[in-house]
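In what follows, a single structure is set out as structure tokens and then discussed.
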Amino acid sequence: MAVAGAGQLNLNESPCWGSRSVDCFEKLEQIGEGTYGTICFCNQVYMAREIKTGEIFALKKIRMDNEREGFPITAIREIKILKKLHHENVIKLKEIVTSQDPEKDEQGRPGKCYGNKYKGGIYMVFEYMDHDLTGLADRPGIRFTVPQIKCYMRQILTGLHYCHVNQVLHRDIKGSNLLIDNEGNLKLVDFGLARSFSNDHNANLTNRVITLWYRPPALLLGATKYGPAVDMWSVGCIFAELLHGKPIFPGKDEPEQLNKIFELCGAPDEVNWPGVSKIPWYNNFKPTRPMKRRLREVFRHFDRHALELLERMLTLDPSHRMCAKDALDAEYFWTDPLPCDPKSLPKYESSHEFQIKKKRQHEENAKRQKLQHPQPHARLPPLQPGQAHTQMRPGPNPPLHGSQPTVAAGPGHHYGNPRGPAGGLGRYPANGTSGGYNHQNRGGQGGGGGYSSGSYPQGRGPPYGSSGMPGAGPRGGGGSGYGVGAPNYSQGGAYGSSGAGRGSNMMGGNRNQQYSWQ
Ligand SMILES: Nc1ncnc2c1ncn2[C@@H]1O[C@H](COP(=O)(O)OP(=O)(O)OP(=O)(O)O)[C@@H](O)[C@H]1O
């Protein structure tokens, strides 16, 4: 693929693209920020109004952080792929606009992308979507119904099936890349890691793709030949998360990620996954103790058809994993309660993961400040000696239906609040018992953490940072790989009812390590 020089757009397909200035839009609010946003203030996403029409769009500013390589290959891929995909469940790229001004941050200071000779900005203009699934699910009081989950899942699978038929792998399916509008339509976004594939799967592709919690075992084991099944694993993780109320594989690093997968899905071997022993890092990460598949036991409270579908999506062997088309034919979608009509879904006030994180940060800062400089409570009388204010809990915010006003975000929501069926304000359907996955059983492995301690592939160094190896670093002492400091495990099992919410640094935390592009 030809790479355009810095500041040039090499998009012959549509010469008028890039001819308009970003000044045709009025930026209203930042709604998203790529992982790189913390390093350099590029790649932000804004809600913006087109001045001429008053129409609302989303503007994604393309990061220009490496001028030597010209226009970023990720952006070229994203634009090229989106230009050929036209489907109601795939985000629509409307046009590209540019700005001539030097990059500035939110406060108007000059940008920190010093290496970038081209000082202007390039923006992708998308149709605007009100929510991302992560942001929506994390709203206080949100509780998805079964028909709603079926409706979202069917749209995810329909969009993905369309991508796969058109030989595009998404390679970053996760909640914050599934956008939902107030008509209940769900669309796949963020094709920055996507690429075309050939059906023979003969090309070598990078395995450093897909956000850790949603990354399939083959990639974690170092496979470089793969196909659509990688996306289907991520969909399986999302599906389980929707039913369970929280992420099911919240690993801190790659070895822990694999361990979590093996503990639920069983250890891979030549019987359940022929050829697995040939995958580059299999010998380094194969469990040293037997681990049987426990999916049905852990999620026994799920509906029978849901469990059946989940089983087939979270199949270790990618060649036996269900494809999107077969998933759409699964009984789950054709038995009562049926998926609801997207239009019948509740309308909520706009919620994006970025905004919720920002709000939470704000609240935490305020709390910290208050602790440092205690002020009299603004709405309560000053405390008398011996008195204590009763802590007010934000009440649930039931979603409103039809044309009623949208729901305002509750004031006190934190990612870390207990969630799920027994965690207070559950956001997913109650599923009876909550799994009872007893992580105590994982211990007692004498420092092994479930992994062999074999050396890394010769000449390459460890595939992952050695400090993250369960049993290898300080955390390995307890033997289970879930040492002190691991989020979510101190209060109960991974699938217990008291787990903390999604760590705010986890969704997409691994995009930074990317990567050589293939
Ligand atoms: N069309 C859109 N409408 C509304 N919000 C959007 C739109 N596109 C993106 N966003 C918001 O911005 C966030 C980041 O967008 P996107 O994933 O495309 O950017 P990115 O830089 O690739 O981010 P990341 O590296 O975190 O995946 C999304 O999670 C979503 O909340």
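Each peptide in 182-195, 352-365 receives the mean, over its residues, of other Cβ atoms within 10 Å, and ordering these scores from highest gives 182-195, 352-365. Restricting attention to segment 245-292, the count of lysine pairs at 8 or more positions apart or across chains with alpha carbons under 19 Å apart stands at 6. Remark: relative contact order (segment 223-331) = 32 percent; criterion is Cα-Cα distance under 8 angstrom and separation of 6 or more residues.
Peptide packing: for 77-83, 234-240, the average count of neighbouring Cβ atoms within 10 Å per residue gives the ranking 234-240, 77-83, highest mean first.
Overall form of segment 289-368: oblate. Here a/c, set by the Cα gyration tensor axes a ≥ b ≥ c, is 1.5 or more, and a/b is not larger than b/c.
Would you mind working out the magnitude of the charge dipole of segment 168-226 relative to its Cα centre, with +1 at each Lys and Arg C-beta and -1 at each Asp and Glu C-beta, to the nearest 20 Debye?
Working: 7 positive and 5 negative charges, 60 e Å.
In debye, rounded to 20, segment 168-226 gives about 280.
For K83, a cut-off of 20 angstrom between C-alpha atoms picks up these aspartates and glutamates, skipping any fewer than 8 places away in its own chain: E13, E95, E127, D172, D190. The lysines whose alpha-carbon is closer than 16 Å to the alpha-carbon of K343, local same-chain residues fewer than 8 away aside, are K150, K187.
Which whole-number percent is the relative contact order of segment 147-242 (Cα, under 8 Å, 6+ apart)? Worked out over segment 147-242, it gives 31 percent.
Count neighbours as other Cβ atoms within 10 Å of each site's Cβ, and list the trypsin sites (Lys or Arg not before Pro) in segment 266-354 that are DSSP loop with at most 13 such neighbours.
Working: sites: K278, K292, R293, R294, R296, R300, R304, R312, R321, K325, K343, K347; in loops: K292, R293, R294, R300, R321.
Loop-located and lightly packed - K292.
Summed over all non-identical Cα pairs, the Kirkwood treatment of segment 195-283 gives a radius of 13.7 Å.
Values in this text are rule-based calculations from the coordinates and carry no lab data. Note that the coordinates shown come from a computational prediction; the quantities given were computed from them, not determined experimentally. Here the Cβ is made from the backbone with ideal geometry for all residues, glycine too, and neighbour counts use every protein chain on show.
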